[in-house]
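Presented below is the structure to which this report refers.
The values are calculated or read from the model by the stated rules, or taken from the named source; none is laboratory data. Source: prediction; values computed, not measured. So basically every Cβ, Gly included, is an ideal-geometry build from the backbone, and we count neighbours across all protein chains shown. Protein only, heavy atoms only, side chains kept; ligands, DNA and RNA dropped before computing areas. Shrake-Rupley method; radii C 1.70, N 1.55, O 1.52, S 1.80 Å.
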Amino acid sequence: QVQLVESGGDLVQPGGSLRLSCAASGRIFSTYVMGWYRQAPGKQRELVAHITSEGRTNYVDSVKGRFTISRDNAKNTVYLQMNSLKPEDTAVYYCYAFVDLKGYWGQGTQVTVST
């Protein structure tokens, strides 16, 4: 069983920045594939970014150049640095871990981009 705890969501103005964190349980975090998803009201959950155990990253087109996913294996934590935020980035952001052919979700953290 893997537990994920997100933090860092907040209300921010357009053009601002936030950093989301996701702390994971387990002794072999370095082997986990980690990702961030988001779900806006009335929309399907979508993959925002993911990072492999080797550190390879991938992003949805709408956040390329603005968001950066990274991981600190010593802290069992994955991050999502979000810059140049737009109102359309408003959503609940969920951390995801893929471990031993199983998927695990965090509880989500709200990001609101608004004046």
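General remarks:
- T31/T115 FRET efficiency (R0 30 Å; Cβ-Cβ; nearest 0.05): 0.10
- Taking all protein chains together, L80, L11, L47, L18 sort by accessible area into L11, L47, L18, L80, largest first [probe 1.4 Å].
- The charge dipole of the chain, taken about its Cα centre with unit charges on the Cβ of Lys, Arg, Asp and Glu (plus for the first two, minus for the last two), comes to roughly 80 debye.
- Net lengthening on full extension, A40/R19 (0.36 nm per residue, minus Cα-Cα): 5.7 nm
- Accessible surface of Y37 - all protein chains present, 1.4 Å probe, nearest 10 Å²: 50 Å²
- Rounded to the nearest 20 debye, the dipole magnitude of the stretch 52-108 is 80 debye, with +1 charges on Lys and Arg beta carbons, -1 on Asp and Glu beta carbons, and the Cα centre as origin.
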